[in-house]
Amino acid sequence: MALANEFTAAMAAIHARGWCDGTGGNFSCVLQRDPLQLLMAPSGVDKGQVQPADLIVVDAAGQVLEGRGKASAETALHLEIVSRCDAGAVLHTHSQAATLLSRRALADPRPGQDSEPKRDGVVWVEGLEMLKGLEGIDTHATSIEIPVLANDQNLPRLSQRAGGLLGKAPQGLLIAGHGLYAWGPSLSQAIRHLEILEFLLEQSWRQLLLDALMARPEPEQAISHG
C-alpha cells in the first residue's frame, strides 16, 4: 500500500529529527472517510522503526479493526481533529521546543489565584517569513496564536476541551508539557505544517533566550562599588 509506505517513511524522518524520541509521539492518516478509518502507528513502539506491516487500522470509536498493536490513548484527540478540521493526517510530536514553550505558556497563575495554574493559553508568533508555510497565510506581516491546553490523562475530556479551539488553531495545537499536534488535509500538507510549526517554536524559544542574554548587565555594571 503506497500510503502505508509514505506514512512509515514520514514517521522515520520525524523520529530522525528528534521530535519523537523513545516511544514518544503518535501519528494517524485517514484511510477512508465513510465509515471513518484511520491508519495509525501502534502505541508504545519506537516510531522510527515502524514498518508498513506494523500499522493498525482504527475506527471512529478508536477500536482496532486490523493489526496486532494497541491504539494510543490519544486516538480520541486524533479523531476530534479529523472530525472538526477535515484533516487527512494528524502528527503528534514531543520536541524540546514544543514541550518547553507549552509549559511556559501555562506557568503563570491566573490573577488572584496564585496557587492555581492556567487551564489554557497561547504561544504567539509574529513577523516571520516561515509563517507563509501555513495554509491561508501569504505574508510575513501577520501573527498566529497556537492554542495551549493543560495536560489531562482523561483523553475524552481533553479532546472535548480541544474541540472548541480547533476552528481558530493555525493547523496546530499544543498540550502543556507534552507536545505539538499538527494536521493538514493530506499527509504531505500535515508534514509541511508540522515542520513550519516546529521551526516557529524553535525560533520562539531561541528569541526568549537571546532577549534574556541581551538584558543581562555588562560585567562592569554588575560589580558593586559600595
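Residue exposure proxy: 202, 129, ordered by other Cβ atoms within 10 angstrom of their Cβ from fewest to most, comes out as 129, 202. Residues 204, 28, ranked from the fewest to the most other C-beta atoms within 10 Å, line up as 204, 28. Between 19, 30, 125, the Cα set farthest toward the positive side of the dipole of the chain (charges on each charged residue's Cβ, about the Cα centre) is that of 30. The amide H of residue 89, built 1.01 Å from its N in the peptide plane, has 30, 184, 186 as neighbours under 5 Å, considering only residues 5 or more places off or on other chains. Only DSSP H runs of four or more residues enter the estimate; each adds -39500 (n - 2.57), and after division by the residues of the chain the mean residue ellipticity at 222 nm equals -11000 deg cm²/dmol.
By definition, a body whose alpha carbon gyration tensor gives a ≥ b ≥ c is prolate when a/c is 1.5 or more and a/b is larger than b/c, and the chain fits this prolate description. Amide H to amide H distances under 5 Å link residue 37 with 31, 32, where only residues 5 or more positions off or on other chains count and H is placed in the peptide plane.
The mean sequence distance of close C-alpha pairs (under 8 Å, at least 6 residues apart), as a share of the length of region 2-214, puts its relative contact order at 19 percent. Membrane-span-like helices in the chain (whole DSSP H runs, Cα extent of at least 30 Å along the helix axis, mean Kyte-Doolittle hydropathy of at least -0.5): 187-215.
Quick note: the coordinates plus some simple rules give every number you see, no bench work behind them. Small disclaimer: the values here were computed from a predicted structure and weren't measured. Please note: Cβ atoms are built from the backbone with ideal geometry, for glycine as well, and neighbour counts cover all protein chains shown.
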